Amino acid sequence: MAISPRLCASAVKINSLRLCASAVKINPLRLCGKYPPNLTFFAVKMTILHKIQRSSMHHLFYKLQIPNRQSSVANRTSQVANRKSYIVHRKSSVVTLLLLFGLTLSAQTDTLRLIFAGDIMGHAPQITSAMTAKDQYDYTPCFKYVKPILEQADIAIGNLELTLPGKPPYTGYPMFRSPNALASALKSAGFDLLVTANNHSNDARGPGVVNTIEVLRKEGFLQTGTFKDIRDRSTLYPLMIYKNGFKIALLNYTYDTNGVPTEAPTVVNLIDNEQMAADLAEARARKPHFIIVVMHWGLEYQLTENAVQREQAKFLIKNGADMVIGSHPHVVQPIRMERVAMPDGSEKEALVVYSLGNFISNQQQPNTDGGILFQVDLLKNKGNPQVRLGEHGIIPIWRYIHKNAAGKSTFYALPISRVEQNDKLVPGMPLTAQSSMAKFADGLRKRMKYKELKI
């Protein structure tokens, strides 16, 4: 049987422009914005798959007909060749189908990238270094090297372990009172959310709690952990975040406020199992896709978490937490997947970062001169509330104090791997500082043995 070249050509070749046009005809309201983009994409996909299927069937009909018993040897030979051509065509169609399937999955997956930073401290030398004139401060240079990393996050979260009283005196340890300019610099650096429940929340008393909240909200931050009054808390807690198709609930607690009482009407969230269980029940009732709890807990300067932290982490997971992020020890502690038995007899596993260490500070104790950024991608398919963890890992950070010729200091949070890749990234960095950074990085990597992300 002679095969029409025209039929073969139409069966093998699929005109992508015609397919796109067909998709538009199927979904003419797309240009009016009546249908969401994912439905349009689905219509395009189904049109393409229909074309492939119809093309394959045409090809099969014309090339696999039963040969006439009286066909010549030449005709039989031709049909064998046609069958081989059909197999090649089918393989091509399968490859096309797989590519389309992959594109569909990509287009229908929501991604939310989170970056968590450790303790943002405000020691006296940091305040002095940020002063540019009398009662004027600029912290912007401190974060210039981490800014490109933070800006890649959909939500960058930090632990603000100080107060913003709005007026002098500005002091470091033991009562952390920093200028409002620090908030502006953190916002410029790429932070989106700051948690404020920690043992220094009350360092500027009630007015300091209120001013810290107001300054952060005025700068455009999401903020939680402390509240102006109980009404403020009941309205805004748990903190609900809506981004990239995700609905996230975030909660924040501290073990204590260093014995400084919380002045009415302000509220500082304390670690209390009954209260946390009630808050997590409220979070679950709002049906978020994911629940994150940020805890200010543990013992300072200890490189491993303690039994109380593990017990609290499991309590939080059992009551609904999907991820727990820790701060306060000022050193980096392990990252673990914790598994708990749920009331219904099932098991739940959740990721716990026990301590991120310091993001920026002037602490001098061993292992306090740095910390980690923890980056995690949350993934979910469109239309499906189930969230899974995508790529996640650590980005080591080191605190570098640069002194210029006049003796003035500048504090920097340095992404270690970027400095290692480019020894000219930080001009004037002395060999002694490079050696100290390398020592910190080596110790951290040996202890953690956790995936370090390429940046």
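Values quoted throughout were computed directly from the atomic coordinates according to the rules given, and no laboratory measurement underlies them. Every value quoted in this text rests on a predicted model; they were computed, and no experiment measured them. Note that we place each Cβ from the backbone using ideal geometry, even for glycine, and neighbour counts take in every protein chain shown.
Sites listed here are trypsin sites (Lys or Arg not before Pro) in region 102-163 whose DSSP assignment is loop and whose Cβ has at most 10 other Cβ atoms within 10 Å: K134. Between Q434 and N422, the contour length at 0.36 nm per residue exceeds the Cα-Cα span by 3.1 nm.
Protection proxy ranking of 406-415, 330-339, by the mean of other Cβ atoms within 10 Å over each peptide's residues and highest first, is 330-339, 406-415.
As a test, work out the antiparallel percent of DSSP beta bridges whose residues both lie in region 110-448, rounded to the nearest 5.
60 percent
Restricted to Cα atoms, region 244-397 shows a radius of gyration and a Dmax of 16.3, 50 angstrom. Of all aspartates and glutamates in the structure, the ones whose alpha carbon falls short of 15 Å from that of K218, not counting any fewer than 8 places away in one chain, are D192.
So which of K287/K318; K228/K382; K247/K314; K318/K446 end up more than 28 Å apart by C-alpha?
On the way: K287/K318 16 Å; K228/K382 37 Å; K247/K314 23 Å; K318/K446 31 Å.
In this structure, K228/K382; K318/K446 lie more than 28 Å apart at Cα.
Here the label points at Q365 and Q108, each 7 Å from Cα along the C-beta direction, are separated by 5.2 nm in the simple model. Using a Förster distance of 30 angstrom, determine the FRET efficiency expected from the C-beta separation of K382 and E274, and round it to 0.05. Efficiency for this residue pair is about 0.20.
Legend: P(r) of region 110-448 from all alpha carbon pair distances, 10 Å bins from 0, whole percents, reading 6, 27, 36, 23, 7, 1, 0.
Simple spin-label estimate for D232 and R445 gives 4.4 nm between the two label positions (7 Å along the Cα-to-Cβ direction from each Cα). Between T128 and T140, the modelled label-to-label distance comes to 2.5 nm, taking each label 7 Å out from Cα in the direction of the beta carbon. Taking 0.36 nm per residue of separation and subtracting the current Cα-Cα distance, fully stretching the chain between N258 and K454 would add 66.7 nm. Taking a point 7 Å from the Cα of M337 along the Cα-to-Cβ direction, the residues of region 382-396 with backbone N closer than 19 Å to it are 386-394.
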